1. Report the Cα centroid-to-centroid distance between the stretch 1-72 and the stretch 85-102 in angstrom, as an integer.
2. Assuming R0 = 22 Å, can you tell me the calculated FRET efficiency for the pair N96 and D17, based on Cβ-Cβ distance, to the nearest 0.05?
3. If a/c stays under 1.5 just call it rounded; otherwise compare a/b with b/c (prolate if a/b is bigger, oblate if not). Do that for the stretch 43-99, with a ≥ b ≥ c from the square roots of the Cα gyration tensor eigenvalues.
4. Project the alpha carbons of the stretch 1-93 onto their principal axes and report the range along each, largest first, in whole Å.
5. Within the stretch 1-69, which GluC sites (Glu not before Pro) sit in a loop by DSSP and count at most 16 neighbouring Cβ atoms inside 10 Å?
6. Please list, by residue number, every one of the trypsin sites (Lys or Arg not before Pro) in the stretch 1-76 that is coil in DSSP and has at most 15 other beta-carbon atoms within 10 Å.
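Read-outs throughout are calculated quantities, based only on the coordinates presented, and are distinct from any laboratory measurement. Quick caveat, the model's predicted, so the values are computed rather than measured. No Cβ is skipped: glycine too gets one built from the backbone with ideal geometry, and neighbour counts run over all protein chains shown.
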Amino acid sequence: MQRKPYHDAILKLREIDKMEGPMMKVRLLERVNNMIKDNITNFWQGVPIDESHLTITQDTKIPLYIYIVIKCKLVNLAAHIKFIQEFTTTYVHESNLGSNLALYESAMTIVADKERNILLNVIDISDFVNSAFRMDQSFASTVFVDN
């Protein structure tokens, strides 16, 4: 029986609730990122293709991170990411850890905006809904605002 894609990484990401400090959370995200890299490497193992054609950029990883964010089903993942952003140093933000953190933020922004659009298509759009979702900006941008 074959495992679902990225199953171990999804399970590991769910452990973020158990981590207390921001650096513990960052290190967990780093382990998840390494698991994702291992999954990608294992997928291409034995496939006769030039490795130079297998370059994966931050932009090409976003759909994969969207998949993982959705599958992990963590309703408070945005809060964890915001916590990490607020309570880690500039050094962390400018390092490889920070660029991986940006992948999660991008994935969550896309998912949140998609959910917002679904909600707006399903419910009656009243003045309350319009003001709650701030139609002039994305739903996720209200979560990831720099003060």
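1. Value for the Cα centre distance between the two parts: 18 Å.
2. Working: r = 24 Å, r/R0 = 1.09.
E between N96 and D17, to the nearest 0.05, is 0.40.
3. On the way: a/c = 3.82, a/b = 1.66, b/c = 2.30.
Oblate, since a/c reaches 1.5 and b/c is not below a/b.
4. That gives 45, 34, 18 Å along the principal axes, largest extent first.
5. Values: sites: E15, E20, E30, E51; in loops: E20.
When the GluC sites (Glu not before Pro) of the stretch 1-69 are filtered for loop state and at most 16 Cβ neighbours within 10 Å, E20 remain.
6. On the way: sites: R3, K12, R14, K18, K25, R27, R31, K37, K61, K71, K73; in loops: R3, K73.
For trypsin sites (Lys or Arg not before Pro) across the stretch 1-76 that sit outside H, G, I, E and B with at most 15 neighbouring Cβ atoms in 10 Å, the list reads R3, K73.
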